[in-house]
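Here is the structure we will look at.
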Amino acid sequence: MILDKFRLEGKVAVVTGGTTGIGKGISIALAEAGANIFSVSLMQDQDIEERVVRLGRRYRYQYADLSVREQTKKIIPFVLEDMGRVDILVNCAGIGPRFPAEQYQEDQWDKVVEIDLTAAFLLSQAAGQYMLKAGKGKIINISSILGFQGGINNAAYASCKHAIVGLTKAMANDWASKGINVNAIAPGYFATEFIAALMQNPERTKLILGRVPAGRFGQPEDIGGAAVFLASQASDFLHGVVLPVDGGWLSW
């Protein structure tokens, strides 16, 4: 049955940025599909732990600052020691401080690149090494609609999200024949802390929603179906795909 291919029972999913925003939405959806969740974030969230455990799944949390490379490099080895396997990796953690390009400081640029791009590469590389031995695995990178566009006051973030698209395609080409699927999701504007400042600006909100055919901001649960699909056997023949979940923004 086709629905059986969407089930994730017994899988271990590592989700960075997994306690807030769309990372939390993805984690809950993966758990609902059967996966055990290993969440990597700067902060714990009791709600997500309780919800995952109520589903009968195992939940683990690890603090990590992905701007510190040595912390990033310890994550996958720790997951393997603690959970015994890595079946799914979701690179969701990201930051996007907004400044005009002429005002962007080097240290701000470096931090965005480290978290949004380099950490995704290093985690994918480490997970990929395990998955290559296992002969299977799913890696989902979170890009953005700004992986296709430039945005406003988003030089570092847009650059990294474009690069995530390239990284996804390059790793997919390397590993597709070895049982590993590398794909990406490109979220649009979601009602999370990430765009809280924009949502508090009525004029900006009107401009954004005026271009979203669905007529609303996304909710964290809106991204869950795409994540489950890309994490499951149902997507076994998808490689290097960037799937927009944007209410129709990019079709405008």
### Task
Quick one: in the range 6-24, of everything that is part of a helix (DSSP H, G or I) and within 21 Å of Leu238 (Cβ to Cβ), which residue is most open to solvent (accessible area, probe 1.4 Å)?
Phe6
### Summary
Residue hits (the range 211-232; crowded, with 16+ Cβ neighbours inside 10 Å and assigned to a helix (DSSP H, G or I)) are Pro220, Asp222, Ile223, Gly224, Ala226, Ala227, Val228, Phe229, Leu230, Ala231
### Task
Give the range 182-210 a look and list any residue that's hydrophobic (A, V, I, L, M, F, W, C) and loosely packed, with under 14 Cβ neighbours inside 10 Å, or say none.
Ala196, Ala197, Leu207
### Subset of the range 177-198 [touching a strand residue (DSSP E or B) at 6+ places or on another chain (Cβ under 8 Å), farther than 15 Å from Asp246 by Cβ and hydrophobic (A, V, I, L, M, F, W, C)]
Ile180, Val182
### Query
Quick check: is even one residue across the range 34-52 more than 17 Å from Leu89 (Cβ to Cβ), in contact (Cβ under 8 Å) with a residue 40 or more places away in the chain and of a type outside the set (D, E, K, R)?
no
### Message
So Ala156 passes all but one of these: (1) in contact with a helix residue (DSSP H, G or I) (Cβ under 9 Å, 6 or more places away or on another chain); (2) among the small types (Gly, Ala, Ser); (3) open to solvent by 50 Å² or more (accessible area, probe 1.4 Å). Which condition number does it fail?
### Response
(3)
### Message
The conditions are (1) open to solvent by 50 Å² or more (accessible area, probe 1.4 Å); (2) farther than 17 Å from Ser124 by Cα, and Asp174 fails exactly one of them. Which is it?
### Response
(2)
### Message
Test of understanding: among Leu30, Leu66, which residue is more than 20 Å from Asp87 (Cα to Cα) and open to solvent by less than 20 Å² (accessible area, probe 1.4 Å)?
### Response
Leu66
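The values are calculated or read from the model by the stated rules, or taken from the named source; none is laboratory data. Keep in mind the model is a prediction, meaning the values are calculated, not measured. Here the Cβ is made from the backbone with ideal geometry for all residues, glycine too, and neighbour counts use every protein chain on show. For accessibility, only protein heavy atoms count, side chains too; no ligands or nucleic acids. Shrake-Rupley method; radii C 1.70, N 1.55, O 1.52, S 1.80 Å.
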